[in-house]
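No lab work stands behind these numbers, since they all come straight from the coordinates. Since this is a predicted model, take the numbers as computed values, not measurements. Positions of Cβ are backbone-derived with ideal geometry, glycine not excepted, and every protein chain shown enters the neighbour counts.
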Amino acid sequence: MYIILTFLIFTCFEVSISGLYPDRHLLIKSYPAIQNVQSDLYEVYQEPYFYDVSVASAVAIIHAEGDGDIKGEIMFTQRHPPTGPVFIKGNITGLPNGGKNGLHIYQSGDLRHGCEKLGGHFNPYLLQHGGPKDAIRHVGDLGNVNAKEDGTATIELVDPLLSLVGGLRGIVGRAIVVTENEDDLGRGGTAESLTTGSSGKPIAAQFGGTLTEMLRILSLSCLIVCALANPQAVVNIRGDTISGDIKFTQLNDGVLLEGEIVGLKPGNHGFHIHVFGDISNGCLAAGPHFNPYAKTHGSPSAHNRHVGDLGNIVAGPDGVAKIQIKDHQISLGGETCIIGRAVVVHAGEDDLGLGGNEESLKTGNAGGRLGCGVIGTLSESSSTYQAVPLAKIIFGLLAIVVFYTTKITL
Ligand SMILES: [Cu+2]
Ligand SMILES: [Zn+2]
Ligand SMILES: [Zn+2]
């Protein structure tokens, strides 16, 4: 029944969209890895793609939970996003000697409480836990890392399910987690085995932060998720002297930022979204301000500004800056999506592009980088994706039609 209805709607939209773009086909896919497994989740593509499908990449700088010594860096590369395989390469050190430790992508990127609030394994298709080569598995199931005697492990994987763009299989902004025990890949014969592989507590984690400068997105899946789920995101900012958390909520007319940074010198501090979600090298790896439309630096209220220009935050005499900002340019989906990018807090004041020199139009002369964090997606359960019913598919398709229609008039 659902299949017939889906087919009818599909045909209807295929006809209406192909009227606009006769050479492009609308494809609806269910579970992408294997045939004959039905999930409630659908992905919608129109091929050939309009958006930039050049290589997408992401990085996760792994840190231990608490005061363990685990450290590492994992690189993700997808040559043909959104559906091509993801190459995963990395090194982890400080692992318990000579053992196996589970490696998984979790639902959420909320590191505000260490590894406690990450939800379960990233599982948009609502399937059982498994190994990375199994047909049935969580999208987040990457199996185990094998530590050598000296506690180091090399990771080299090719994964068909992960994606570095889009909302449905997209891992950017979610946490990559090393667990204390070996993952039994769902073969333990217990309920726990089919949920987590009995791999125990997370012992180290970080987000996949994006290294892709411009995602000329149109990640349709992202559009659908935005339209339906009122997305939220979160960043945990750390520096030598400062720390704090900020929550982002997508509203109809912008994004609301709420939070607090402590440990600042009293006064104004430049506050921006930088393009790369890489917090290594004292936040320098985060690159310049997020600027998908190639504009000059400006104030948040200016028309001519970087998308990432959020102006200044103001620390009181106690060194605390309370943040309550509504911004109309950043978003949690689409071309100006900030998930997986970095928030940077600067030592000095941002002159908002009014400094009268060249640097002012690039950085606002805001000075050194006191602290930074990668913006992670905030969803503690799979509920965002649960049982996408037909009504939502229709809604999603409508969103796409609206998008394409707008695209024409632009
Ligand atoms: Cu900045
Ligand atoms: Zn799993
Ligand atoms: Zn800027």
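Work from the charge dipole of the range 230-377 (Cβ charges, +1 for Lys and Arg, -1 for Asp and Glu, about the Cα centre) and give the residue of Leu264, Ala321, Gly277 farthest towards its positive end. Of Leu264, Ala321, Gly277, it is Gly277. Annotation: average projected area of the range 250-379 is 7.8 square nanometres, based on the convex hull of Cα atoms across all directions. Sorting His328, His121 from the fewest to the most surrounding beta carbons within 10 angstrom yields His328, His121.
Legend: distances between Cα atoms for Lys326/Lys362; Lys100/Lys133; Lys71/Lys148; pairs beyond 20 Å are Lys326/Lys362. Taking amide H atoms as placed 1.01 Å from N in the peptide plane, the amide H of Asn144 lies under 5 Å from those of Leu103, each 5 or more residues away in sequence or on another chain. When Lys and Arg each count +1 and Asp and Glu each count -1, what net charge do the other residues less than 15 Å away from Glu192, Cβ to Cβ, add up to? Summing Lys/Arg as +1 and Asp/Glu as -1 gives -3.
Magnitude of the charge dipole for the range 230-377, about its Cα centre and with charges confined to Cβ atoms of Lys, Arg (+1) and Asp, Glu (-1), is about 140 debye. Legend: P(r) of the range 56-210 from all alpha carbon pair distances, 5 Å bins from 0, whole percents, reading 2, 11, 20, 24, 23, 14, 5, 1. Contour minus end-to-end for Glu258 and His113, with contour as 0.36 nm per residue of separation and end-to-end as the Cα-Cα distance? Result: 50.5 nm gained on full extension. The ranking of Tyr125, Tyr293, Tyr106 by Cβ neighbour count inside 10 Å, starting from the fewest, reads Tyr293, Tyr125, Tyr106. Annotation: the residues Phe276, Phe122, sorted from fewest to most other C-beta atoms within 10 Å of their own C-beta, follow the order Phe276, Phe122.
The packing ranking of peptides 76-89, 364-377, highest mean first, is 364-377, 76-89, where packing means the average number of other beta carbon atoms within 10 angstrom of each residue. Taking 0.36 nm per residue of sequence separation and removing the Cα-Cα distance, the Asp69/Lys247 pair yields an extension gain of 61.2 nm. Efficiency by 1/(1 + (r/R0)^6): what FRET value for His25 and Glu149, r their Cβ-Cβ distance, R0 = 60 Å, to the nearest 0.05? E(calc), rounded to 0.05, equals 0.65. In a simple Cβ point-charge model (Lys, Arg +1; Asp, Glu -1; nothing else charged), the range 56-210 has a dipole of about 520 debye relative to its Cα centre. Residues with beta-carbon under 12 Å from that of Leu111, excluding Leu111: net charge, scoring Lys, Arg +1 and Asp, Glu -1? Charge balance in the 12 Å sphere: 0.
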